[in-house]
Amino acid sequence: MTMDVALFITVGVVAVAAAVMMLLSENAVHSALFLIINFMGVAFLYLMLDAPFLTMIQIAVYAGAIMVLFLFVIMLLGAEKLGEPTRQFRWLAPVSLALALAFLVITSIAIIQGRIDLQGPATQPPALRVVNALTDAGAVDVYLNGERVAPALPFGEATEYTVLPAAAVVAVDGAEADTGREYTLTINAAGTDTALMTSPLVLASRTDRQINAYTVVAHGTSSAPQASLVSDNLETTDNRAGRLTLFNAFERPVDLWNFRSETNPDDDVAVTTDLAPGSGVELAAIPENTDLRAWAFTEAGNKEAVLFRLNNPEVYRIRRDEAQLLVFAGEHIADGTEQGSIRPVALPVASRAAADFGGPHGAGELLFTRYMLPVQLLAVLLLVAMIGAIVLTHKETFQPRRRDVRRRVAQPLTTAISAQVGQDVLQPGEETPRLPPQEDEQPQPVGD
Amino acid sequence: METFPQLVPLIVLIPLVGMLINLFAGPRLGERAVGIIGSTAAGLSFLIAVLLYLYLINNDYQAVVVNPPFLNAWITIPSGGTFIPWQMRVDTLSVTMMLVVTGVGTLIHIYAIGYMHGDPRFARFFSYLNLFFVFMLVLVTGNNFLMMFVGWEGVGLCSYLLIGFWFDKTRGEGWKNSNAARKAMIVNRIGDFGLLMAIFLIFWTFGTLDYFTPGEIANPHLAEELAHEAEAEHEAEAAGEIGAPAEGNAAEAVTEGEAEHAAATVVYTNNDHIKTEQLGVFGQTERFLEEGHDVDFGPFSLPFETVLVLITLFMLLGATGKSAQIPLFIWLPDAMAGPTPVSALIHAATMVTAGVYMMVRSNVFYHNAELTSLVVALIGAGTAIVAGFIAIGQWDIKRVLAYSTISQLGFMVAAVGVGAYSAAMFHLVTHAFFKALLFLGSGSVIHGMEHGHHHAHDHAAHDDHGHMKQADHHPDEDKPFDAQDMRNMGGLRHRMPVTFWTYLIGTLALAGIFPFAGFWSKDEILADSWLAGLFDNNVGGYIAFALLLAAAFFTAFYMWRQMELVFFGQPRTAAAEHAPESAPVMLVPLIVLAFLSLMGGFINTPANVLGLDTLFGAHRLTYFLEHSVVNAHAAEFQLPIALGALALAVVAILLARAIYGAGHALVEGSRDPLAVRPETAPVWSLANARLYWDETYYRLFEGPFNRLSRFLADTLDWSFWHDYFHNVIIGKGFNGIGQLLARPVDLGIVDGAVNGIGRLARWSAGRLRTVQTGYVRTYAVTVLLGVVLVVVLLLLPLFTRAGG
Amino acid sequence: MVQTEAYVILSAVLFVLGVMGVLLKRNAILVYMSVELMLNAANLALVAFARQWNQMDGQMFVFFVMTVAAAEVAIGLALIVAIFRTKRSTNIDQLHQMEG
């Protein structure tokens, strides 16, 4: 029995016992206190289930605020004890028990029969992006498994992450096995069918909670292209820092120096040295807004031969919760000579770090992105509940209103009509009202 | 000036706008503004008519057909090939009518401002008058029979509205007025039936309703004649030029110029280049008559000449309705119930001449239908003498004039019958002048008499706020005062001098005294009748001549009788003693019309009479009309006939003066001198009873019709249809079925089912209500039961899998 | 690592206990507390499954359930207070005006 199982059993027993005691207790205040214990146990279980944020909410809001409210109302009304139990529904208790037990049995059977844990854990298919660092190829078309993911990708740009089709995971009795899957990356010169490069990649799905993301850096020249696979670390760092990964796509090995002081060469720090072509290195987390203007790529072993200075703070910058891939590459410049020249350049390829699971960071990100509308609705609901509580507990809400006792009595129609015309419509003894008789004018013959 | 004909839609639109303004805004605008708007609209129409006249005389009298920009295709039935455009025709005939209608009409509008002053429906009166203008001008400007029919019905409507204008008079007057309006409407419907039949026949025969299509020459004979004359003149000029020392290239230039001219505009002098089916009805008639033609009516076919007789006879029926000829003239005397300006405008000067206008317009038909011409001549002449005779025995001042109008219309119709179309139009024009004058004069007299009556009876409190035409100012009076009865007048010569003199001019013009307008026009008709008999062996001509001569005698006699009764002698009532002269706004139109009655005859003076033709030109109206009236011809002046007719009129006047003059206008209280003489009494009472014409109609038509209606209504409709059929068959059958449906079906099956369902629901509800204990815990248990069941159902697949 | 099944069965047990409380308790306040217990049981299952499937959405649902529960408690307790004012009792067996 491992530690966590022991903990689970202990906490579970406490929670169930608290719930039972809550039911059995005759005093409502005691019941409330037992319920608080139960809530605390559940909060502990949340913690074991990788939900620290919910744990805090459970304790603060549920076990705290809501239960205080309960206790307050109980004390306010003095309703901690009930009087004599009514003798009305004797059949209710056995029936309820039977039904509840039936429910429990059914669900338990279902849970056990459902073999939830053997459904296989969630797998994360690999996500892939491609950086075009080919020296002289210009824009390229990128195909993954024959499907074009980026048309005319210019030099120095990266595609979005493309989630690849998941590799098959064979799960046998909890053993996790992933054979990986072969994907084909094809890069064409933009708008042509001729493949500059076709490279097979074998990537696996992951079952842990780690981010499964990769970057392929296409470098070299168009006559001898190469594709290097870099595994991306998109975990969030500690507070107020960002990640930086270097990749050398240049033709020669390079160093990266931090010339901290302009005057004293001894203060210079080599961030990394002798980074071979086609290789990368992940640096330690760097605090955000670190000044990179003093940083420069140099020839390997010769810090005087500066190849490229990162002196543009708008471009080269460490941002919080960002995992940056800095690809050092050579760009082909047509300068009039036959071969042209190669200009070294550092290409920043940024990506946002993934949020942590179950923490406030991840929760906040989800609440303010995917669940924005429900949050709004909840806010409205809470507002309505607030107003409703005020209205319901307002003293006069349920006072009987004064009724207007004197109801209007329907008038006879003739009375209404005579009130309109100002005279009696019905003469006594007359059945139907008539117009006053007209003066009859008989037609006279024409002529004298 | 070339654009003047494009104004012709305005001649209709302007009165229409005036009508709308007066109709909707009139009551708020006040009398003054309403009168100005109405008269201005009429005056603008007259101005446009004058402009059109100027256009015609400056453009060789060439007719112009105008398609208004809207209403271009009025009635179009593509499958039937029917296309009736809303075309307006500006030619000499229509312009003549326009001038008469708008000219006389404008004067009457102005007169009505004074006459209708104080009437509560002043604005409505003027909007009706303007509406009448609209329809009358549609009638005369239309280029097809359908537009004529629209105008024809429209003026009939206006006539109806205006005859019954005072429908709300008390003491039975209102009934009389509205009955008169209905009578006019109904009698005219009979005539309209004839016109409609004629239009249908025309359309069937010719496939069109256009008088002349655009570009067609109305009178090719005249056009060719004029072309020949021009050629002869040209040749004469050329002959003169040969003698002159002309240079060679000058002559060449002339011929070249001519050639260019000919090439530029091909001037047609006849319609031979137009296909028969593209001609108007009159052009087609002449072609058909030349070539011979049978009209196919499906089962049978008739020769074209016969169809023509049918068409013209149907048209004649229409004309007898609108122009008040035998046998349909009976509505016109009653139409005098309307206000006097209406009598002058609609029932004397313009609308009633629409029938004459139509027949003159269709002169090609009538000229070629001899049988119809004879009938027309007899009807016209007969109407003239019958109406003239009746007029002798009437007391009502306007009624005398109404019969006079009928009689004069008879003259015009008879003129059409003898082929004297231009004479008919001539008489139409002059008659419009002097009959409008007489009516307006009589209106002035009536107006004066009413004023005098008020004055005489309101010594103490003279009510000056207005003079209601109704005599209901004195409801306690036993006998209503009749301001139109000539027995109440007399001696008005001194009280109303202007009215007297203008009325005298009108009388003399109507009586045909030289040199007033009536002399010339009446003489032309008489001469034409005589000549028609003499040269064309037309029996109708002789008969018409004789009858018209007698009618002319009657005319002079009854008119002078009227003069004696109204203006001469001593005042016979207090009203006549105090009658004041009318306002200037009424007198000015009288004076203008008097001038026209005096001079109007000179528009068509015959040749070689007292040198008048050097002063006024000879046969000017005839030559003017010739361009659109194919068969117009100028009659030679017949001195014996003229002298004879003149002598006859003078004798009649002297005779009337002898009988009625010198204070003998009324004898034995208030009886006519002719009525007391035993030898003349029966004749006079026959005239006074209007020859029992209405009564005969009543016996022949109205009585049997009423009896038939009563039979149909009482016996057939009420007794049989309502009482028997409805009650017995429908009612009882319905009741039987109703009983059957009610008892077994409704009560048994339907109600039983519904009640059964109700009882079932009640019973089950009674059982189920015990479930509703009101205790929340029982509800909760029920919910839990449901939850368990649902969970079982949901999880059933798991169990089966586990089991299997 | 404790299996998810264990948590779910614990959740079911707690839920049934809550159900029993709702059915058998006569004090309205205790009924409400039992309802809270049921909600907690459901929450526990949700969190367990969130871990099982490596998705945080389950935890978000728990968050929402808590919020709704807070609103519900506010309204419910207000109702109990209002009823107590007229009935002078929180015994739900004395409330049966809805009897059919």
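Set the Förster radius R0 to 51 Å, insert the Cβ-Cβ distance between residue B:662 and residue B:535 as r into 1/(1 + (r/R0)^6), and round the FRET efficiency to 0.05.
0.65
Which value at 222 nm does the protein assembly as shown reach when only helices count, each DSSP H run of 4 or more adding -39,500 (n - 2.57), with the total divided by all residues and rounded to the nearest 500 deg cm²/dmol? Before the final figure, lay out each step's value.
Working: 44 runs with 721 residues, N = 1352.
My calculation for the protein assembly as shown gives -18000 deg cm²/dmol from helical runs alone.
So what is the relative contact order of chain B, in percent, for Cα pairs below 8 Å that sit 6 or more residues apart?
In percent, rounded to a whole number, it is 12.
Run the reach check for residue B:522 against lysines, Cα to Cα strictly under 26 Å, same-chain hits fewer than 8 apart removed. What comes back?
Excluding near neighbours in sequence, the set is B:322, B:398, B:435.
Using a Förster radius of 35 Å, what is the FRET efficiency between residue A:361 and residue B:791 based on their Cβ-Cβ separation? Nearest 0.05, please.
Efficiency for this residue pair is about 0.40.
Give the lysines whose C-alpha is closer than 17 Å to that of residue A:81, dropping any in the same chain fewer than 8 places away, or say none.
C:25, C:87
Mind putting together the pair-distance distribution for the protein assembly as shown? All Cα pairs, 20 Å bins, whole percent per bin, short to long.
8, 21, 15, 9, 13, 21, 12, 1, 0
Which FRET efficiency, nearest 0.05, do residue A:157 and residue A:380 yield, Cβ-Cβ r, R0 41 Å?
0.40
Over the protein assembly as shown, give the accessible area per residue in Å² for a 1.4 Å probe, as an integer.
47
Let a ≥ b ≥ c be the square roots of the eigenvalues of the Cα gyration tensor of the stretch B:1-143; is it rounded (a/c under 1.5), or, if not, prolate (a/b larger than b/c) or oblate?
Values: a/c = 2.79, a/b = 1.58, b/c = 1.77.
Cα axes put the stretch B:1-143 in the oblate bin.
For chain B, with all protein chains present and a 1.4 Å probe, just round the carbon and sulfur fraction of the accessible area to a whole percent.
On the way: 22730 of 34630 Å².
Reported share for carbon and sulfur atoms: 66 percent.
Ballpark to the nearest 100 Å², how much total accessible area do B and C bury together, probe 1.4 Å? Please report the intermediate quantities before stating the final value.
Working: alone 36150 and 7370 Å², together 42510 Å².
Looking at B and C, the buried total is near 1000 Å².
Counting only protein heavy atoms and rolling a 1.4 Å probe, how much accessible area do C and A lose on contact, total for both sides, in Å² to 100?
Accessible area lost upon association: around 7100 Å².
What do you get for chymotrypsin sites (Phe, Trp or Tyr not before Pro) in the stretch B:275-380 restricted to DSSP loop and a cutoff of at most 13 other Cβ within 10 Å of the site's Cβ?
The qualifying sites are B:297, B:300.
What residues qualify as long-range amide H neighbours of residue A:128, i.e. H under 5 Å apart, gap of 5 or more or another chain, H built at 1.01 Å from N?
A:162, A:163, A:164, A:214
When the Cα centres of the stretch B:374-390 and the stretch B:492-510 are compared, how far apart do they sit, in Å?
Centre-to-centre distance over Cα atoms comes out at 28 Å.
Using a 10 Å Cβ count of at most 16 others and DSSP loop calls, identify the longest part of chain B lacking such trypsin sites (Lys or Arg not before Pro).
Counting at most 16 other Cβ atoms within 10 Å as exposed, the longest clean stretch of chain B is B:276-804.
Using 0.36 nm per residue of separation minus the Cα-Cα distance, give me the extension gain between residue B:494 and residue B:651 in nm, one decimal.
Stretched out fully, the residue B:494 to residue B:651 stretch lengthens by 53.9 nm.
Need the C-alpha centroid separation for the stretch B:110-142 versus the stretch C:45-79, integer Å.
Between the Cα centre of the stretch B:110-142 and that of the stretch C:45-79, the gap is 89 Å.
Only counting protein heavy atoms at a 1.4 Å probe, give the residues of the stretch A:57-75, ordered by number, whose accessible area falls by 20 Å² or more when the other protein chains are present relative to the chain alone.
A:57, A:62, A:66, A:69, A:70, A:73, A:74
Can you tell me, using C-alpha contacts under 8 Å and at least 6 residues apart, the relative contact order of the stretch B:1-143 as a whole percent?
38
Over the stretch A:237-354, what is the relative contact order in percent, taking alpha-carbon pairs closer than 8 angstrom and at least six residues apart?
29
Bins of 5 Å, beginning at zero and ending with the bin holding the largest distance: percent of Cα pairs per bin for chain C, please.
3, 13, 17, 18, 16, 12, 9, 6, 4, 2, 0
What part of the accessible area of the stretch C:4-89, given as a whole %, is carbon or sulfur when the probe is 1.4 angstrom? Let's see the in-between values first.
Working: 1790 of 2430 Å².
Taking all protein chains in place, the stretch C:4-89 shows 74 percent carbon and sulfur surface.
Loop by DSSP (not H, G, I, E, B), at most 14 other beta-carbon atoms within 10 Å: where is the longest site-free stretch of chain B for GluC sites (Glu not before Pro)?
By the stated rule (loop sites, at most 14 other Cβ atoms within 10 Å), B:3-246.
The values are calculated or read from the model by the stated rules, or taken from the named source; none is laboratory data. These figures come from a predicted structure and were not determined experimentally. Neighbour counts are summed over all protein chains in view; Cβ atoms, including those assigned to glycine, are modelled from backbone coordinates with ideal geometry. These area figures cover heavy atoms from the full protein model, side chains too; ligands, DNA and RNA do not enter into them. Shrake-Rupley method; radii C 1.70, N 1.55, O 1.52, S 1.80 Å.
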